[in-house]
Amino acid sequence: MATTSQPLRGKTTCKKIFWAVFPHACFIVSLVIYAFLGALMFSHIEGTREVTVSEEYRAFLKNLTSLARNLSDNVTENEKMFKNNIRELFSTADPVWFINPEDRWNFFGSLFFCCTVFTTVGYGNTYPVTRIGKYLCMVYALFGIPLMFLVLTDMGDILATVLSKSYNEFRKIQSKILASKLCSGSTCSERNELKPRAQSKIVINEPLMIMEVLRSQSGMKRRRVKYRNVELFEMLIARENENTQPARNKSMERWSSCPELAREKTVSRVIENFDKIGKELEKLDVPFVLMVLVIFVYISCAAAILPNWEKNMDFQEAFYFCFITLTTIGFGDTKLEHPKFFLFFSLYIMIGMEIVFIAFKLGQDRLIVLYKKVISFCAEKNMPSKKIYPK
């Protein structure tokens, strides 16, 4: 029996772990599939579009050649005028004129674009040009952004649980260290001597059963029964015996005979896991300064690694790029030369966006508390003072 019970226990634990991880994996897998489908769609639409030479592009080339011809051999005389004219000319230029659609809208470039859409970063260096691509981008963002926020909320519960537990453990260790420092040898020995004396006086009374109360009261047999409703006592005792039976559970018997009930219970547990999304994030209460420190360390680690494959960035530029990306500002002034590395960088962005989201949530809670204090203080100041009238 022991050999057969161990594999059954292993199977049940594996099933429990699977159904516990299933909601989290479902969100992440659905987001990955959504990103890959969007990459295939936009690479087919934008990458295969026909490049037509417009009248604006031809006018731009004519003006550029005329400025080059009018530039005299003495560059110092017309240098200032040439700079102003060339600046005005290039301000009217469209970046699409200088981009090959097949190079920009390959699979990895389209996947990079999809990630910037549903993460709401939007650098601005890659955008749809065709009318169909613009319409599909709006529809894609309409469903992708809620899915991304759902993944962020689900990951936020995990990070909130980890942060709260680690912070509570740190506070316990800190309190123990402070207690050991404050506790001297003489005072500790006196406290240890007083502890068993105080504990010996404490008597813990466990709740007694109805039958034990009836048996312990010897005077109950001699005394006349005030309550002649014997059936009420019998029903109470029978109910008590049913609750105190540790032998077998009726629900387990029904599940063993009917496995559909067990499946319904597992399905209900999975549904409860979906309903609990965002609850742990609401309970999180850690210092705001700690979250700022975590964000600084998190961005600094990426800023130290990113210049290894992006040669146009140093530590400060990479730190600025990571901050603008994680806060979903996305100016687009700093661009990535290798979008393929963005695939490995996307996991970092998702976790970092979640950390920043938690920090913003904590900052919002602190601001609400501050506003409440300010409003209550102003209300107390404006309240009229009570006048005491003589009797």
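The values are calculated or read from the model by the stated rules, or taken from the named source; none is laboratory data. None of the values given here were measured: they were computed from a predicted structure. Using ideal geometry, Cβ is built from the backbone for each residue, glycine included, and neighbour counts are taken over all protein chains shown. Just the protein is used for accessible areas: all its heavy atoms, side chains included, with ligands, DNA and RNA removed. Shrake-Rupley method; radii C 1.70, N 1.55, O 1.52, S 1.80 Å.
Counting only helices (runs of 4 or more DSSP H) wholly contained in segment 65-154, the ones carrying 3 or more residues that are closer than 30 Å to PHE323 by Cβ and open to solvent by 30 Å² or more (accessible area, probe 1.4 Å) occupy 75-91.
Test LEU61 against the stated conditions and say whether it is farther than 22 Å from MET155 by Cβ, surrounded by 14 or more Cβ atoms within 10 Å (Cβ to Cβ) and free of Cβ contacts under 8 Å to residues at least 40 places away in the same chain. So LEU61 fails the test. Taking the criterion of being among the small types (Gly, Ala, Ser) and surrounded by 19 or more Cβ atoms within 10 Å (Cβ to Cβ), no residue of segment 286-301 qualifies.
Are any of the residues in segment 339-357 over 30 Å from LEU111 (Cα atoms), assigned to a helix (DSSP H, G or I), at pLDDT below 90 and of a type outside the set (A, V, I, L, M, F, W, C)? Within segment 339-357, none of the residues are over 30 Å from LEU111 (Cα atoms), assigned to a helix (DSSP H, G or I), at pLDDT below 90 and of a type outside the set (A, V, I, L, M, F, W, C). Consider TYR389 carefully, then state whether it is hydroxyl-bearing (Ser, Thr, Tyr), open to solvent by 60 Å² or more (accessible area, probe 1.4 Å), more than 21 Å from LEU163 (Cα to Cα) and modelled with pLDDT of 85 or more. Considered against the rule, which asks whether it is hydroxyl-bearing (Ser, Thr, Tyr), open to solvent by 60 Å² or more (accessible area, probe 1.4 Å), more than 21 Å from LEU163 (Cα to Cα) and modelled with pLDDT of 85 or more, TYR389 comes out as no. In the set (1) farther than 28 Å from PHE27 by Cβ; (2) modelled with pLDDT of 90 or more, THR92 fails one condition alone, (2).
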